[in-house]
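S.K.: First, the structure itself, so that you have it in front of you.
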Amino acid sequence: MNLYFRLLLLMVRVRFRSRLSLWGTSHVRFRVNPGDLDVQRHMNNGRYLTLMDLGRMDLMIRSGFWQRITDQGWYPVVAGQSITYRRSLQLWESFDLASRVIGNDERWIYLEQVFRRDGTVVADAIVRARFLRRTGGSVPMEEVLDLVGPLPDHLEVPRWVTEWNEGSSRHGREL
């Protein structure tokens, strides 16, 4: 229920916020509430991932990208993510979630999402996503880029992210 309330609030607030390029950085403010807590009384690790969904929605809606992919009959899916927790967030603390695209390869688009409290990094994550067609099948990255325009030159997937992607793709097959 907590997520649906936050999603509704985000959908209302996004209408009053400035437009944003898909290649820009979205910032969304949140506050830790009782439903976010785990038994240790800090924000649950899974809640970070849930809020990251909202950060990506803010970026897609404010850039107009959400409407474009919806019109095409596409939808985004997260295929992998890696998150590092650096500090705890406690009840009622306010924090910022920054979300931005960092690059793509032939199959995936990569995003970085960073949680900050008072300017200090609390957690940071890399997300690997792609787009699927409602009629079935995946959307080639070149079609995605045709829809939004080419990736700016300054955006490049860091080598360690490429290595993480390759390693995480292989690892599941080895089990």
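The values are calculated or read from the model by the stated rules, or taken from the named source; none is laboratory data. If you're wondering where the values come from, they're calculated on a predicted model, not measured in any experiment. Ideal geometry is used to build each Cβ from the backbone, glycine not excepted, and the neighbour counts take in all protein chains shown. Side chains are part of the model used for accessible areas, which takes the heavy atoms of the whole protein and leaves out ligands, DNA and RNA. Shrake-Rupley method; radii C 1.70, N 1.55, O 1.52, S 1.80 Å.
S.K.: Got a sec? Which helices (runs of 4 or more DSSP H) wholly within the range 1-72 have at least 1 residues that are touching a strand residue (DSSP E or B) at 6+ places or on another chain (Cβ under 8 Å) and at pLDDT below 95?
M.R.: Details: elements: 2-14, 45-63, 65-72.
Correct list: 2-14, 45-63.
S.K.: Given the options Ser82, Ser99, Ser88, Ser94, name the one that is closer than 30 Å to Val39 by Cβ and in contact with a His (Cβ under 6 Å, 6 or more places away or on another chain). Steps first, please.
M.R.: On the way: Ser82 fails: in contact with a His (Cβ under 6 Å, 6 or more places away or on another chain); Ser99 fails: in contact with a His (Cβ under 6 Å, 6 or more places away or on another chain); Ser94 fails: in contact with a His (Cβ under 6 Å, 6 or more places away or on another chain).
Just a single option satisfies the conditions, and that option is Ser88.
S.K.: Checking the condition assigned to a strand (DSSP E or B), aromatic (Phe, Trp, Tyr) and either at positive phi or out of contact with any helix residue (DSSP H, G or I) (no Cβ under 8 Å at 6 or more places or on another chain) (or both), which residue from Phe115, Phe95 passes? Even if it seems obvious, please write down each step before you answer.
M.R.: Working: Phe115 fails: either at positive phi or out of contact with any helix residue (DSSP H, G or I) (no Cβ under 8 Å at 6 or more places or on another chain) (or both).
Matching residue, one of Phe115, Phe95: Phe95.
S.K.: Same structure, new question: Identify, from the list Ile61, Ile109, Ile102, the residue that is touching an Asp or Glu at 6+ places or on another chain (Cβ under 7 Å) and closer than 17 Å to Gly24 by Cα. Step through it out loud before you land on a result.
M.R.: Values: Ile61 fails: touching an Asp or Glu at 6+ places or on another chain (Cβ under 7 Å); Ile109 fails: touching an Asp or Glu at 6+ places or on another chain (Cβ under 7 Å).
After applying the criteria, what remains is Ile102.
S.K.: Which members of the range 39-59 meet the condition of being aliphatic (A, V, I, L, M) and within 9 Å of the chain's Cα centre (by Cα)?
M.R.: First pass over the range 39-59, keeping only residues aliphatic (A, V, I, L, M): 39, 43, 49, 51-52, 54, 57, 59.
Those that are aliphatic (A, V, I, L, M) and within 9 Å of the chain's Cα centre (by Cα): Leu49, Leu51, Met52, Leu54, Met57, Leu59.
S.K.: Only one of Trp92, Trp66 is hydrophobic (A, V, I, L, M, F, W, C), without any contact (Cβ under 8 Å) to a residue 12 or more places away in the chain and open to solvent by 60 Å² or more (accessible area, probe 1.4 Å). Can you tell me which?
M.R.: Details: Trp92 fails: without any contact (Cβ under 8 Å) to a residue 12 or more places away in the chain.
Just one listed residue meets the conditions, Trp66.
S.K.: Residue pairs, Cβ under 7 Å, 6 or more apart or interchain, first in the range 38-54 and without any contact (Cβ under 8 Å) to a residue 60 or more places away in the chain and more than 18 Å from Val77 (Cβ to Cβ), second charged (D, E, K, R) and buried (at least 18 other Cβ atoms within 10 Å of the Cβ). List them.
M.R.: Close Cβ pairs (under 7 Å, with a partner that is charged (D, E, K, R) and buried (at least 18 other Cβ atoms within 10 Å of the Cβ)) amount to Met43/Asp36; Asn44/Asp36; Arg47/Asp36.
S.K.: What's the number of the condition Glu112 fails, among (1) open to solvent by 50 Å² or more (accessible area, probe 1.4 Å); (2) more than 23 Å from Ile69 (Cα to Cα)?
M.R.: Here Glu112 meets the rest and fails (2).
S.K.: If you don't mind, another one. State all residues of the range 1-30 that are among the hydroxyl-bearing types (Ser, Thr, Tyr), open to solvent by 40 Å² or more (accessible area, probe 1.4 Å) and touching a residue at least 40 places away in the same chain (Cβ under 8 Å); if no residue qualifies, say none. Before the answer, list the steps.
M.R.: Restricting attention to the range 1-30, the residues satisfying the condition of being among the hydroxyl-bearing types (Ser, Thr, Tyr) are 4, 18, 21, 25-26.
Imposing the further condition that a residue be open to solvent by 40 Å² or more (accessible area, probe 1.4 Å) reduces the set to 4, 18, 21, 25.
Of everything in the range 1-30, those that are among the hydroxyl-bearing types (Ser, Thr, Tyr), open to solvent by 40 Å² or more (accessible area, probe 1.4 Å) and touching a residue at least 40 places away in the same chain (Cβ under 8 Å) turn out to be Ser18, Ser21, Thr25.
S.K.: Just give me the residues in the range 117-138 being under 15 Å from the mean Cα position of the chain (by Cα) and open to solvent by 30 Å² or more (accessible area, probe 1.4 Å), in sequence order. Steps first, please.
M.R.: Of the range 117-138, the ones under 15 Å from the mean Cα position of the chain (by Cα) are 123-131.
Answer for the range 117-138, where residues must be under 15 Å from the mean Cα position of the chain (by Cα) and open to solvent by 30 Å² or more (accessible area, probe 1.4 Å): Asp124, Arg130.
S.K.: Please enumerate the residues belonging to the range 29-53 that are out of contact with any Phe, Trp or Tyr (no Cβ under 9 Å at 6 or more places or on another chain), under 17 Å from Trp92 (Cβ atoms) and among the charged types (D, E, K, R).
M.R.: Within the range 29-53, Asp38, Arg41, Arg47 qualify.
S.K.: Looking at Arg86, Arg15, Arg31, Arg56, which is the one that is among the basic types (Lys, Arg) and more than 25 Å from Gly119 (Cα to Cα)? Quick ask: steps written out before the conclusion?
M.R.: Values: Arg86 fails: more than 25 Å from Gly119 (Cα to Cα); Arg31 fails: more than 25 Å from Gly119 (Cα to Cα); Arg56 fails: more than 25 Å from Gly119 (Cα to Cα).
Matching residue, one of Arg86, Arg15, Arg31, Arg56: Arg15.
S.K.: Please work out if Asn33 is free of Cβ contacts under 8 Å to residues at least 40 places away in the same chain and over 22 Å from Pro152 (Cβ atoms).
M.R.: For Asn33, the condition - free of Cβ contacts under 8 Å to residues at least 40 places away in the same chain and over 22 Å from Pro152 (Cβ atoms) - is not met.
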